[in-house]
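For reference, the structure is listed below as structure tokens.
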Amino acid sequence: MKKLIVRIAAVLMLVLVVRAVAAPVPVLADNGEEVAVAAMSDEASNIHSKAWAAGIVIAVVAAAGAISMGLVIWKTIEGIARQPEAEGKIRTAMMLGLVFVETAIIYALIVAILIIFTL
């Protein structure tokens, strides 16, 4: 199951990268005519690249975080079902693990904001 998820994520990332690099996205110019990204100014192209980078960062980290949180909760429930007397210790360890995963997601959000506003 994990190999399948990794393969699907890799194919999705490859499709996104090829789409962003190879196929220009049509946008509207000031006069309403459709132009390609290649014809945009350097600043507009830079903003477009920043938006893609921030979107990919958030999408990848949020997906990885959601999968890992689901696995942590799944294994916690299994552990509590096997040893109900250790429920307190298992739950404490689970909460600590979820905090670490959520912290990584928040760091990714900060990186995405920095990509948009400072680069």
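Every read-out reported here was derived from the displayed coordinates using simple, explicitly stated rules and does not represent laboratory data. Only a predicted model underlies this, so the values are computations on that prediction, with no experimental measurement involved.
Annotations
- The HN-Hα couplings worked out from phi for region 79-94 by the Karplus form 6.51 cos²θ - 1.76 cosθ + 1.60 (θ = phi - 60°) are x, 5, 5, 6, 10, x, 6, 9, 4, x, 5, 5, 5, 4, 5, 5 Hz, whole numbers, x standing for Gly and Pro.
- Dividing the alpha-carbon radius of gyration of region 41-119 by the rule-of-thumb value 2.2 N^0.38 Å gives 1.57.
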